[in-house]
1. So which residues in the stretch 37-78 are of a type in the set (A, V, I, L, M, F, W, C), part of a loop (DSSP other than H, G, I, E, B) and surrounded by 17 or more Cβ atoms within 10 Å (Cβ to Cβ), if there are any at all?
2. In the stretch 86-102, is there at least one residue being free of Cβ contacts under 8 Å to residues at least 12 places away in the same chain, within 18 Å of the chain's Cα centre (by Cα) and more than 23 Å from HIS218 (Cα to Cα)?
3. Tally up the residues in the stretch 68-97 that are out of contact with any Phe, Trp or Tyr (no Cβ under 7 Å at 6 or more places or on another chain) and either acidic (Asp, Glu) or at pLDDT 85 or above (or both), please.
4. Within the group SER170, SER150, SER128, SER142, which residue is touching a residue at least 40 places away in the same chain (Cβ under 8 Å) and farther than 25 Å from GLN26 by Cα?
5. Out of everything in the stretch 230-248 that is touching a helix residue (DSSP H, G or I) at 6+ places or on another chain (Cβ under 9 Å), within 30 Å of GLY157 (Cβ to Cβ) and not hydroxyl-bearing (Ser, Thr, Tyr), what residue ends up being surrounded by the most Cβ atoms within 10 Å (Cβ to Cβ)?
6. Tell me yes or no: at least one residue of the stretch 103-112 is in contact with a Pro (Cβ under 7 Å, 6 or more places away or on another chain), surrounded by 18 or more Cβ atoms within 10 Å (Cβ to Cβ) and in a helix (DSSP H, G or I).
7. When SER268 is evaluated against the numbered criteria (1) in contact with a Lys or Arg (Cβ under 8 Å, 6 or more places away or on another chain); (2) more than 30 Å from LYS158 (Cα to Cα); (3) at pLDDT 95 or above, which criterion, by number, is the only one it fails?
Amino acid sequence: MSIQDHLIASNLPTGEGILAEYDYAQLEIRILALASMDDQLIEDINSGRDMHTVFASKIFDKPEEEITKTERRTAKTFSFELQYGGGAENMAKRWGVPVSLTEAFIEEYYRRYPKIKKYQQRAAQAASDTLIHMGDRRDGVSVPRYYVPSIWKDEEGKPLTQYAVIGSLSKKGRPYPPPTQVKNYPIQGAGADIMLMMLNKLSREIRHTSAWLINTVHDSVLCEITDSKNGEHQGLLQKIADILSTVPEELKKNYGVDSPIDFPVDYSTGYTLTEVKKKA
């Protein structure tokens, strides 16, 4: 028996089964909604509207149905940069647009979602309160260090984990926590926690099936279904999507979090990665 025949007989991934890539829909925006509990953001997400189109509509003062792909892409880029500490001038310079446009976006963003700004201010203050100094740089300047709290809390409201970051110094030598990391680390850290939590569940649930976990990249999961010749794989493809979509249930079980939003998962299939990406 050849190695390939042995893999097939053992129901192991052969590279010849059907590939399926699963993607969480706007995962980081949903995590931001959990962190900030912003009522308007939660409402917009639960309405099923495309969030980047919503942003673009407000920025360009146009109905959502008239928003172009370029305008949507611009709004998506701005929203992620703002979410991770980007300022109006840097955003304008990077994308070659007037500062007035990025300023208008920032103003509209926080007007529509005021609790996001309040959450970010709380995170910055919490980080500031953890200031310690560690070692010295070569020039003899003491290096400030901070701990940014995660969005997961224990029963007493204390963060379950913290992210260490190197601070910065103002022109007057005053230390301050870097705004990019303060905004970025808790959201991306929670995203990593969710992915690990769901991959752990998925690996248990598909252990005795013909599905195999092949790879993960950020908020996407790649699986191979080895027994894809008889059509029964369709049910297994949907089963995987259903398992990955149980984020609220797992958040409640593992972190005691009552999620007001769902975490839907889309998937595309093909016999090569090229096919999968074309369908995504």
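1. Of all residues in the stretch 37-78, those of a type in the set (A, V, I, L, M, F, W, C) come to 37, 41-42, 45, 51, 54-56, 59-60, 67, 75, 78.
After this cut, where a residue has to be part of a loop (DSSP other than H, G, I, E, B) as well, the list is 37, 67.
Once the filter is applied, which keeps residues that are of a type in the set (A, V, I, L, M, F, W, C), part of a loop (DSSP other than H, G, I, E, B) and surrounded by 17 or more Cβ atoms within 10 Å (Cβ to Cβ), the stretch 37-78 yields only ILE67.
2. Within the stretch 86-102, not a single residue is free of Cβ contacts under 8 Å to residues at least 12 places away in the same chain, within 18 Å of the chain's Cα centre (by Cα) and more than 23 Å from HIS218 (Cα to Cα).
3. 7
4. Details: SER170 fails: touching a residue at least 40 places away in the same chain (Cβ under 8 Å); SER150 fails: farther than 25 Å from GLN26 by Cα; SER142 fails: touching a residue at least 40 places away in the same chain (Cβ under 8 Å).
Being touching a residue at least 40 places away in the same chain (Cβ under 8 Å) and farther than 25 Å from GLN26 by Cα holds for just one of SER170, SER150, SER128, SER142, which is SER128.
5. VAL247
6. First pass over the stretch 103-112, keeping only residues in contact with a Pro (Cβ under 7 Å, 6 or more places away or on another chain): none.
The answer is no; no qualifying residue exists.
7. Tallying (1) in contact with a Lys or Arg (Cβ under 8 Å, 6 or more places away or on another chain); (2) more than 30 Å from LYS158 (Cα to Cα); (3) at pLDDT 95 or above, SER268 fails exactly one: (3).
Quick grid of which residues meet (1) modelled with pLDDT of 90 or more; (2) on the phi > 0 side of the Ramachandran plot:
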site	(1), (2)
SER10	no, no
THR14	no, no
ILE18	no, no
GLU21	yes, no
GLN26	no, yes
ILE29	yes, no
SER36	yes, no
ASN46	yes, no
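The values are calculated or read from the model by the stated rules, or taken from the named source; none is laboratory data. Treat the numbers as computed from the prediction; the structure is a model and nothing was measured. Don't worry about glycine lacking a Cβ; one is built from the backbone with ideal geometry, like all the others, and counts go over all protein chains shown.
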